[in-house]
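What follows is a short report on a single structure.
Please treat every number below as a calculation from the coordinates, not as lab data. Being a predicted model, the structure only gives us computed values, none of them experimental. Positions of Cβ are generated from backbone atoms using ideal geometry, with glycine treated the same way; all protein chains shown enter the neighbour counts.
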Amino acid sequence: MNRPKVRLSDAAVSDILEQADWYKQHSGQVLAKRWETAVTSALFRIVENPQSGPLCSFKADELRGIRRMPINKFPKHLVFYQAVSDEVLILRVIHGARDLESLF
C-alpha cells in the first residue's frame, strides 16, 4: 500500500517554527529540539494511518473532514489535517486551548 503524500500549509509551517522559537527563547534549545522531534513523530503517525485522528466537531460546513492528532509529550498541542485519497494536508499545528475554529 502506498503512503499518502504529505503537504504542509504555510500556516502549519509557521506554527511549527514559531513554537520552536518560543521554546528556544523561553526554555532553551533542548526543549525546542524536543518539540521538533515530537511534531515530526506526530506527522509520521498521521502518514502511517491518516484516519486515526478523530474528526473535529467544527460548526462551519467548510471545516468538516478536518481531523486532529495530539503531539506526544506536548498533549495540549494538536496537528489539524485533512486526509483526501492519496494526500494528507497539514493545516495547522496549534495549542488546543485557542479558539480553534476561528484559526481556519
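List of remarks:
- Calculated FRET efficiency, GLU36 to LYS76, Cβ-Cβ distance, R0 = 25 Å: about 0.90 to the nearest 0.05.
- Taking the number of Cβ atoms within 10 Å of each Cβ as an exposure proxy, the fewest-first ranking of ARG67, ARG34 is ARG34, ARG67.
- Positive minus negative residues near SER14 (Lys, Arg vs Asp, Glu; Cβ under 13 Å): -3
- Charge tally in the Cβ shell below 15 Å around VAL84, where Lys, Arg are +1 and Asp, Glu are -1, VAL84 excluded: +2
- Counting lysine pairs in the chain that sit 8 or more residues apart in sequence, or on different chains, and whose Cα atoms lie under 19 Å apart gives 5.
- The helix-only estimate of mean residue ellipticity at 222 nm for the chain, built from DSSP H runs of length n ≥ 4 each weighted as -39500 (n - 2.57), is -12500 deg cm²/dmol after division by the residue total.
- Among LEU91, LEU17, LEU78: highest mean-square fluctuation, GNM of the chain, C-alpha pairs under 10 Å: LEU17
- Springs join every pair of Cα atoms under 10 Å in this Gaussian network model of the chain, and among GLU18, GLU62, GLU48 the largest mean-square fluctuation is at GLU62.
- Solvent-free Debye calculation, one equal scatterer per alpha-carbon of the chain: log10 I(q)/I(0) at 0.13, 0.20, 0.24 Å⁻¹ equals -0.45, -1.02, -1.38.
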